[in-house]
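Chemist: Would you mind keeping the following structure in view while I ask a few things?
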Amino acid sequence: MRADARRNRERLLAAAVELALEIGGEPSRDAIAQRAGVGIGTLYRHFPDQQALLRAVVVDVLDRTITAGEVALAEAAGDGTALRRYLHAAIDNGVGVVNIIHPLLDDTDWPDLTERAAKMTRRLLHHAREASTVGPAFTEADITYTSIRFARPLAIGLDSDTESKLAHRQLDLYLDGAEAAATSTTHSG
């Protein structure tokens, strides 16, 4: 793919994520093209139908978010920060869009991403437990659903910057509480 075509595709995907998170639903193709700064023909060349577009959005967000978790694990110094870094990256990558778009998809099977995500969340959980940043009751599913829950917009009309700051703040409060509970359990047991 030519560099300009790749940039246009990336801009279209980013615009679709932004709009879906802003409106809390499926954005129109015209709005996506306009937000990306390209013509509607460019959108159709990359994504011939709505299913192709929506699937590409979810796959792109999942891939970037899983990669962020893998990077956080690779850079972790055993201090338990990988889980926190991953969850904040999930918000920044717009993983909340998965929850919005998933019900609209005809095909939700992506085994390669599912396998990578499972491996990454197992490792995140192991590292977090080893560092006592989460307790034994915290599960791999908690990691997955926490990332989606905190990244999903509140749909009360907040601008995207306020929405993001609030999500990051509340995620830190949640993780601080999980760590305090884990530390308390470790010291009392």
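Chemist: Could you tell me which numbered condition V38 fails, if it satisfies all but one of (1) over 22 Å from A117 (Cβ atoms); (2) within 23 Å of the chain's Cα centre (by Cα)?
Modeler: (2)
Chemist: A follow-up question, please. Can you tell me how many residues in segment 64-77 are in contact (Cβ under 8 Å) with a residue 40 or more places away in the chain and open to solvent by 60 Å² or more (accessible area, probe 1.4 Å)? Talk me through it step by step, then tell me what you get.
Modeler: Narrowing segment 64-77 to residues in contact (Cβ under 8 Å) with a residue 40 or more places away in the chain: 65-66, 69-70, 72-73, 76.
Narrowing the set further to residues that are open to solvent by 60 Å² or more (accessible area, probe 1.4 Å) leaves 70.
Here the count works out to 1.
Chemist: What number goes with the only condition from (1) modelled with pLDDT of 95 or more; (2) open to solvent by 70 Å² or more (accessible area, probe 1.4 Å) that H102 does not pass?
Modeler: Unmet condition: (1).
Chemist: Also: Which residues, taken from segment 11-43, are farther than 22 Å from L62 by Cβ and assigned to a helix (DSSP H, G or I)?
Modeler: Result: D30, A31, A33, Q34, I40, G41, T42.
Chemist: Can you tell me which residues in segment 8-44 are open to solvent by 60 Å² or more (accessible area, probe 1.4 Å) and aliphatic (A, V, I, L, M)?
Modeler: I23, I40
Chemist: Moving on. Condition first: of a type outside the set (S, T, N, Q), touching a Leu at 6+ places or on another chain (Cβ under 9 Å), within 16 Å of V95 (Cα to Cα) and touching a residue at least 40 places away in the same chain (Cβ under 8 Å). Now tell me which residues in segment 117-148 satisfy that.
Modeler: A117, M120, I143
Chemist: What are the pairs with Cβ atoms under 6 angstrom where one residue, in segment 162-178, is of a type in the set (A, V, I, L, M) and the other, located anywhere, is surrounded by 12 or more Cβ atoms within 10 Å (Cβ to Cβ)? Sequence gap at least six, or different chains.
Modeler: Sorted first by the residue in segment 162-178, then by its partner, the pairs are A167/I91; A167/F150; L171/L87; L171/F150; L175/R84; A178/V134.
Chemist: Among the residues of segment 86-96, is any modelled with pLDDT of 90 or more, part of a loop (DSSP other than H, G, I, E, B) and under 9 Å from the mean Cα position of the chain (by Cα)?
Modeler: First, pick out the residues of segment 86-96 that are modelled with pLDDT of 90 or more: 86-96.
After this cut, where a residue has to be part of a loop (DSSP other than H, G, I, E, B) as well, the list is 94-95.
Okay, now just the ones that are also under 9 Å from the mean Cα position of the chain (by Cα), so 94-95.
Yes, the conditions are met somewhere in segment 86-96.
The values are calculated or read from the model by the stated rules, or taken from the named source; none is laboratory data. This is a predicted model, so every value here is computed, not measured. Glycine also receives a Cβ, built like all others from the backbone with ideal geometry; neighbour counts cover every protein chain displayed. Keep in mind that these areas ignore ligands, DNA and RNA; they rest on the heavy atoms of the full protein, side chains included. Shrake-Rupley method; radii C 1.70, N 1.55, O 1.52, S 1.80 Å.
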